[in-house]
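Chemist: Got a structure for you, questions after.
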Amino acid sequence: MNRHTDRPGSTARVRHCVCMQILATVLLAVMLPPSLCSARMQAANDEFPELERMPFSDRLRSIDRRSEPRRPAPSAGDDFPSLNDRLPTDPDDMSADEIRSLPPQATDLPPDSSAGIDRSHIDWTVQRVSAVDLEVGREWRFEHGSATMTPAEESDYADLIRLALNRRRLITSGIPDGVAAESAWQSAFYRFEQVRRQAWGQGNLTLSGRVTLQLDPFSGQNGTLVSPLDQNFSAAGQTRYSLLQDMITHPGEFTGRPVVLYGIFTPSGTVKVAASGALEGEESEFAVQRGTFRSLSRPGSIAVVDAMGFRSSVESDNSTAWPVTPRRDMPVLLKGWFVKLWGTSPLLFAESLKVLSPIPWRAEIMDNVANRRRLTSDESWLYHEALRQLQVTSLPAQRELAREQQLARMKQLRADLQVQIVADRQKLEDRFQRETASGADKNDCQRRLEEGLRRLQRQLAARDARFAGWLKQPTRFPLFVDVFQNPEYWQGRLLTLRGHVRRVMTHPGDPQLFQGRPLHELWLFTEDGQHIPTVVVCPTLPRDFPAGAEIVDSVQVTGCFFKTYVYRAQNETRVAPLLLAGHIEWLPTASQVLSLVRDGELPADSPLAAQAREMDTDRPEDLLVLLTAVLAVLVAMTVWSRVQKDRRERQRVLRLVDEPATFRQT
């Protein structure tokens, strides 16, 4: 009786508890931020890593350039110099020259550095900026505007050359642990231009004079941009900063400062620079190759350059075999120092010029880039310089080099197969000798040996036929598989991959090494990739490229395999090839373009869409004509066949009527 009476109460309590739990769950779901819930669902279902886990996001902020407003000038909080540029060397153990060569410390900056630097009060002749500044604060005796050198100027020039040659040794001995010496040296050359650009952007630096502005060779534009001859330039009146114009406007502030320029160098002859007062063991004379320097985008000299040698991607050692007779233009990357204003052009000194070609600098990549890691700060300078080199060199030449390297790789693998088969055959014969020597049945051993040799022969024939087919049709070779399995061979080499793109992101490049220009990151999936993407980074995208589309087909990329990149996705570590490219090729079909237009990923009024519509409208007409012709032929053949059949039947009936009756016919 008690059990019967207690049952309704217990049921009510259970219902009450269930209702309270449901109410608590609903309240918790309402109180949680929707972004948190969606983020968890996306992390569970998305096969790609989160944006903050994407390549380079540990250094660069990912943004959506389609909705980005115009980038403002650097804010007052963009301080300089970077803490990474400081060399923690004990001043008590250094000479006066070495102390002056150090980058600025916190005490060197103006008092209001925490609230933004007022660069209008900076004395640029004494303000140290980078570790490659030469004798900042020294009163150089250069007469700017003169196209000759006095003995005093020549003596100072020799001192500047000596300081430049010794500066790499000082950097190597002073960098902290964990910082690569090559990275510290190469990156420091960009520092002074970045600081001057920031000062100009904040309106604290003016540019003026009779100057013809050079087009940015990396902007993809043609022609020239000429400024008015007698106009005073300021942050409000000029659209962009010009390093060349800054050097001509303020030559006294540039002496001994590092300069980075891309251009064409034409050597003209050797010049001797005498060094007065040279100490024991020092050079009393320096030999430099003087030549003219012009931009990549237009003719006309913009500087006079003295260089001690040059390096190419094939021969990494410094060479002095200048192409003077016959004279030849050399596209180069110049990393040097400003000396003086030589007439109306800057005079620059460089220890070595880096010759630009479609061939990547594989030796530098192998020495400074580590596989199976994220992109590190020590690799950043080479990463951005490789992108620029691929951008300014010929894409058809890159494609041809990539094709030749792929053919060479296939021939190498085919030869390795022959060597492997010979080694396997030798192993079978050695095993046969051991077994027969141990007293085993010789006939049985001979049978197994012959079976093994026949198996090896079949394998050799099948694999050799496969390589023969790949050599005839190189596009069928599983290049992605070979790159993924043999990254050490392909690192620093050119290759061409084809497939579809499933993700495009845009982020600003390094403000110091790439001046903040946007870089585009694409996830390319190839046919042999087995759902593993290739991370492609490129400074430009094709016209009308649908960056926001879910899938973009018919994409071809020729670039330099930089490294295998490691990222986190779905609680596990994954690796993907990182390919640097100067250009992206997109060759869509008309149906693919019209599909993108229907999905709203491509403007309907774009030239590409109009061309696709024209091709699509032409195709049905041609098909209709073809079908009509085929139908007419079929009708004609049917009618002719029917007429012939009726004629034969009529002739047969007539023969039966005309012939006399016989027993057989009855």
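Chemist: Based on DSSP, what percent of beta bridges with both residues in region 395-587 are antiparallel, to the nearest 5? If you can, show how the numbers build up before the last one.
Modeler: Values: 33 of 36 bridges.
Approximately 90 percent, going by the DSSP bridge assignments.
Chemist: Related question: What distance in nm separates the simple spin-label points at His500 and His531, each placed 7 Å from Cα in the Cβ direction?
Modeler: Going by the 7 Å Cα→Cβ label model, 1.5 nm.
Chemist: If you don't mind, there's one more thing I want to ask. Taking a label point 7 Å from the Cα of Asn166 along the Cα→Cβ vector, which residues of region 314-338 have an amide N closer than 13 Å to it?
Modeler: Within reach of a label on Asn166: no residues.
Chemist: Determine, from the Cβ-Cβ distance of Ala610 and Lys272 and an R0 of 41 Å, the FRET efficiency 1/(1 + (r/R0)^6), rounded to the nearest 0.05. All intermediate terms of the calculation are to be shown ahead of the outcome.
Modeler: On the way: r = 63 Å, r/R0 = 1.54.
That gives a FRET efficiency of 0.05.
Chemist: Go through region 600-613 residue by residue and turn each phi into a ³J(HN,Hα) via Karplus (6.51, -1.76, 1.60, θ = phi - 60°); whole Hz please, and just put x for glycine and proline.
Modeler: x, 8, 9, x, 5, 9, 6, x, 5, 5, 5, 5, 5, 5
Chemist: How high is the relative contact order of region 496-647, in percent, counting Cα pairs under 8 Å that sit 6 or more residues apart?
Modeler: On the way: 242 pairs, mean separation 28.3, N = 152.
Reported as a whole number, the value is 19 percent.
Chemist: Here's something else I'd like to know. Most exposed first by the Cβ proxy, i.e. fewest other Cβ within 10 Å, how do Cys538, Cys560 rank? List each step's numbers first, then the result.
Modeler: On the way: Cys538 21, Cys560 27.
Listed from fewest to most nearby Cβ atoms, that is Cys538, Cys560.
Chemist: Under a plain spin-label model, where a point goes 7 Å from the Cα along Cα-to-Cβ, how far apart in nm are Leu417 and Glu280?
Modeler: 6.8 nm
Chemist: For a quick check: sort Ile532, Ile302 by the number of other beta carbons within 10 angstrom, fewest at the front.
Modeler: Working: Ile532 15, Ile302 21.
The fewest-first ordering by Cβ neighbours comes to Ile532, Ile302.
Chemist: Now a separate question. Calculate, axis by axis, the spread of Cα positions in region 501-560 along the three principal axes, and write the results as whole Å, longest axis first.
Modeler: 38, 24, 17
Chemist: Sorting His531, His250 on the 10 Å Cβ count, fewest up front, what's the list?
Modeler: Values: His531 6, His250 19.
Listed from fewest to most nearby Cβ atoms, that is His531, His250.
Chemist: Could you sort out which of Lys354/Lys563; Lys472/Lys563; Lys272/Lys335; Lys335/Lys563; Lys427/Lys472; Lys272/Lys354 sit more than 31 Å apart by Cα distance in this structure? List each step's numbers first, then the result.
Modeler: On the way: Lys354/Lys563 22 Å; Lys472/Lys563 29 Å; Lys272/Lys335 21 Å; Lys335/Lys563 25 Å; Lys427/Lys472 33 Å; Lys272/Lys354 22 Å.
Those over the limit are Lys427/Lys472.
Just so you know, all these numbers are worked out from the coordinates, no wet-lab data involved. All values derive from a computational prediction rather than experimental measurement. Cβ: placed from backbone, ideal geometry, glycine included. Neighbour counts: every protein chain shown.
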